[in-house]
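Contents: one structure, followed by commentary.
The values are calculated or read from the model by the stated rules, or taken from the named source; none is laboratory data. What you see is a predicted model; the values in this text were computed from it and never measured. Every residue, glycine among them, receives a Cβ derived from its backbone with ideal geometry; neighbour counts consider all protein chains shown. Protein only, heavy atoms only, side chains kept; ligands, DNA and RNA dropped before computing areas. Shrake-Rupley method; radii C 1.70, N 1.55, O 1.52, S 1.80 Å.
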There are 2 protein chains.
Amino acid sequence: MINSILYQLKGGLIVSCQAEADDPFNSPIGVTLFAKAAVMGGAYGIRSEGIEKTKMILSNVSVPVIGLTKSTFEDGSVKITGSMKEVESLIEIGCHVIAIDGTMRLREGVSGPDFISHVKEKYKTIIMADVSTLEEGIACVEAGADCISTTLSGYTSETRDLNNGKPDFELLKNLVRRIKKPVFAEGRYNTPSDCVQAIKLGAWAVVVGTAITRPRVVTSWFVEAIEKAALDIISDENRDWGGAFD
Amino acid sequence: MINSILYQLKGGLIVSCQAEADDPFNSPIGVTLFAKAAVMGGAYGIRSEGIEKTKMILSNVSVPVIGLTKSTFEDGSVKITGSMKEVESLIEIGCHVIAIDGTMRLREGVSGPDFISHVKEKYKTIIMADVSTLEEGIACVEAGADCISTTLSGYTSETRDLNNGKPDFELLKNLVRRIKKPVFAEGRYNTPSDCVQAIKLGAWAVVVGTAITRPRVVTSWFVEAIEKAALDIISDENRDWGGAFD
């Protein structure tokens, strides 16, 4: 049985409203403004990181919120909701879904699937397993995850080579084929056409973050393209703008 | 002679940080967060609307700021910085450049070019004339405008039919050919490749707003694409998700 919260997300867009480090929007109000704008624009749900930030989002939007916390594994890579204490904090503030790292990497001595199984024994909360491979997805569903997301493909040492800037459509396709739970498309979905492709491949819904909620990164995409084009023109024509414009 | 402020913008991206009506970011702090993120992402300049919002942006970024105010013509269409009083307020807060409607539509009894000529007689401030046609651009330069922007193509009754969602490259090309002042590409530049095209056509710099600073609108672009794709799948396959996932 698919939980009704997951049905609310079906065929829609989830906007990931996260901000880190020195990002000007890294505050509860900063990410909440994005969440409100996303819901006004038609988002079916919000994905949010951090207890204080997620708490403020929850009290300002009426769509389902997928909550998570971030810490790091020993190698410095991102760990998503890595302890029972973090899960409990997210439950306490009222998250509708909790995202958990579903990779085999050990946290507090257990793998992702084992950790998910401990959480599901203790709580009824809906769990989204963030995975990087088909095997992890299968193991997480067997462990009791309610849904899977392709979030981590390209962000583990095992999958780093797959990160070519585009989404991992292959993983999405394989998960949809093999798993009888909703599969969310997430990770480098930066254009509407990437999202259309995901839906065609059977994604339950699509999660978009950067292209909507990281203006600093989006600005850099435009700047790089413009600077390259401007440089090409200067070297091609050795154009003297100063003189031409006097 | 091209003013040094305009040289600072050459070959770069200007991010328009505007928010209106019930947009969650419609506050001085809301648009200032975007301006800070844009500068961190490499923006060469900021374009900003409203006295209080622009004032806060000016005190938080160190790049040139193009300021303007908005009101409406009698037919409800947008009027950009339509009175001497508004120009003076923008000068007072320290805008580096002031954008003024350069169309022939009358405001306080005078056309755009005539108004620009009055402003330039009174103040040394750098004026960017926002135009919708080649003729307006030529008239504004003759009136003393320091630079031209294609901002208004598609937003006057005369040019409304040209608004097909894409930039007006034709106007840009014609202005670059005919005018010996910097021509800024602005209006529906929503992708890096639109911007590359502008630079190739000779734009001095490109102004991007919506794609970077209107998350509500960008969300709606993604939602529309996803919902259409999801609908196509349902009607194509009459797929029974509920059953398939039990």
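Some observations on this one:
- Between the helical axis of B:169-178 and the longest alpha-carbon principal axis of chain B there is an angle of about 20 degrees.
- Cross-linked pairs B:Lys53/B:Lys124; A:Lys79/A:Lys124; A:Lys166/A:Lys200; A:Lys36/A:Lys85; A:Lys36/A:Lys120; A:Lys55/A:Lys85: Cα-Cα separations exceed 25 Å for A:Lys36/A:Lys85; A:Lys36/A:Lys120.
- Each chain gives up part of its surface: B and A jointly bury about 4800 Å² of accessible area, both sides summed, for a 1.4 Å probe.
- Chain-alone versus full-assembly comparison, region A:206-221, residues with accessible loss of at least 40 Å² (1.4 Å probe): A:Ile212, A:Pro215, A:Arg216, A:Thr219
- When A:Ser77 is represented by a point 7 angstrom out along its Cα-to-C-beta vector, the spacings to that point in the other copies are 5.6 nm, nearest first.
- Each other copy places its own label point for A:Asn163 at 4.0 nm from this one, sorted shortest first, where the point lies 7 Å along the Cα-to-beta carbon line.
- Percent accessible area from carbon and sulfur atoms, chain B, protein chains only, probe 1.4 Å: 51 percent
- Global form of region B:103-226, assessed from the alpha-carbon gyration tensor, a/c cut-off 1.5: prolate
- Structure-based [θ]222 nm, the protein assembly as shown - -39500 (n - 2.57) summed over DSSP H runs of at least 4, per residue, nearest 500: -12500 deg cm²/dmol
- Most to least packed among B:121-127, B:151-157, B:11-17 [average Cβ atoms within 10 Å]: B:11-17, B:151-157, B:121-127
- 0 to 90° range, to nearest 10: angle between helix B:28-40 axis and chain B longest Cα axis: 90 degrees
- Restricting attention to the protein assembly as shown, close to 15% of DSSP beta bridges with both partner residues there are antiparallel.
- Average accessible area per residue (Å²) across chain A - probe 1.4 Å, nucleic acids and ligands excluded: 41 Å²
- Computed with the Debye formula from one identical point scatterer per Cα of chain B, without solvent, the log10 of I(q)/I(0) at q = 0.08, 0.12, 0.15 Å⁻¹ comes to -0.33, -0.66, -1.01.
- Spin-label pair A:Lys180-A:Tyr123: with each label point 7 Å from Cα along the Cα-Cβ axis, the two points sit 2.7 nm from one another.
- Of all DSSP beta bridges in chain A, antiparallel share, percent nearest 5: 15 percent
- Residue-level accessible surface for B:Lys55, protein heavy atoms, 1.4 Å, Å²: 110 Å²
- Using a probe of 1.4 Å, the accessible surface attributed to B:His96 totals some 60 Å² when neighbouring protein chains are kept in position.
- Taken over the protein assembly as shown, the percentage of Cα pairs per 20 Å bin, counting from 0 up to the bin with the maximum distance, is 23, 47, 25, 5.
- Label zone at A:Arg160, where the point sits 7 Å out along the Cα-to-Cβ direction: region A:59-91 residues whose backbone N lies under 11 Å: A:75-77
- Among the residues of B:18-25, the average count of other protein chain beta-carbon atoms within 10 Å of the residue beta-carbon is 3.
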